[in-house]
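This report concerns only the one structure given below.
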Amino acid sequence: MGSKILELRKQKHMSQEQLAEKIGVARQTISKWELGETSPDIEQSKKLAQIFHVSLDELVQNNISSKNGNRIISTKLILNILKIILLFLIICLLVLVAIIYFKDYFDVHPTSTGKSITCHIDNQEYTYEVWTKYETPNIIETFYTNDEEMNLDITMYNSVDKMLEDVEKRVISRGGICES
């Protein structure tokens, strides 16, 4: 409260002696109040409020002038804006981390490609599937069939289409037909 009394006294261009005389105390009492060593009692506080034309609340809460009130409002506004900016930055950081972390999860690419044909031999249905990896498109990786008589060496082929043509020729030579 001492700094409030000092500020209000200076705003009124009063000396410690002049203020002391109006309140009915010694100049040293005003000095002790301003230094924060002691505080005025309630009656003295009422007299101070009347002399400075402020309420007791304003005297106690440091709401001395509209300038200080505006400073308080400006400070609160700046703090709120900084909080919003910080929150925005945190959200951006979380989104960025999520994008980096889940990039591979959502950016899925197939690792291989394949073709198949279905053929019929003696009223039996057979499926022939050929697979190749995207990294090595000219190398056949897998040949699968449920036809135990079909035994092909995949190393002899450099194209899925060529291998399936050969499968179809072999099925036809056994009296069967194929459909793509």
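The values are calculated or read from the model by the stated rules, or taken from the named source; none is laboratory data. Only a predicted model underlies this, so the values are computations on that prediction, with no experimental measurement involved. No Cβ is skipped: glycine too gets one built from the backbone with ideal geometry, and neighbour counts run over all protein chains shown.
If I filter the stretch 1-32 down to residues being within 19 Å of Q61 (Cα to Cα) and of a type in the set (S, T, N, Q), which single residue comes out as nearest to the chain's Cα centre (by Cα)? Residue satisfying both the conditions and the ranking: S3. Scanning the stretch 93-138 for residues that are over 28 Å from S159 (Cα atoms), among the hydroxyl-bearing types (S, T, Y) and modelled with pLDDT of 90 or more yields a count of 0.
Restricting the first member to the stretch 157-172 and to residues that are in the same structural domain as Y134 (by TED's automatic domain parsing), and the second to residues that are aliphatic (A, V, I, L, M) and in a helix (DSSP H, G or I), the beta-carbon pairs closer than 9 Å and six or more apart or on different chains are Y157/M163; M163/I154; M163/M156; D166/M156. Among the residues of the stretch 33-61, those identified as within 50 Å of the chain's Cα centre (by Cα), in contact (Cβ under 8 Å) with a residue 12 or more places away in the chain and surrounded by 15 or more Cβ atoms within 10 Å (Cβ to Cβ) are E34, V54, L59.
A search for C-beta distances below 6 Å between a residue of the stretch 103-122 that is farther than 19 Å from K133 by Cα and of a type in the set (S, T, Y) and any residue that is modelled with pLDDT under 90 and exposed (fewer than 10 other Cβ atoms within 10 Å of the Cβ), counting only pairs 6+ apart in sequence or on different chains, returns T118/E179.
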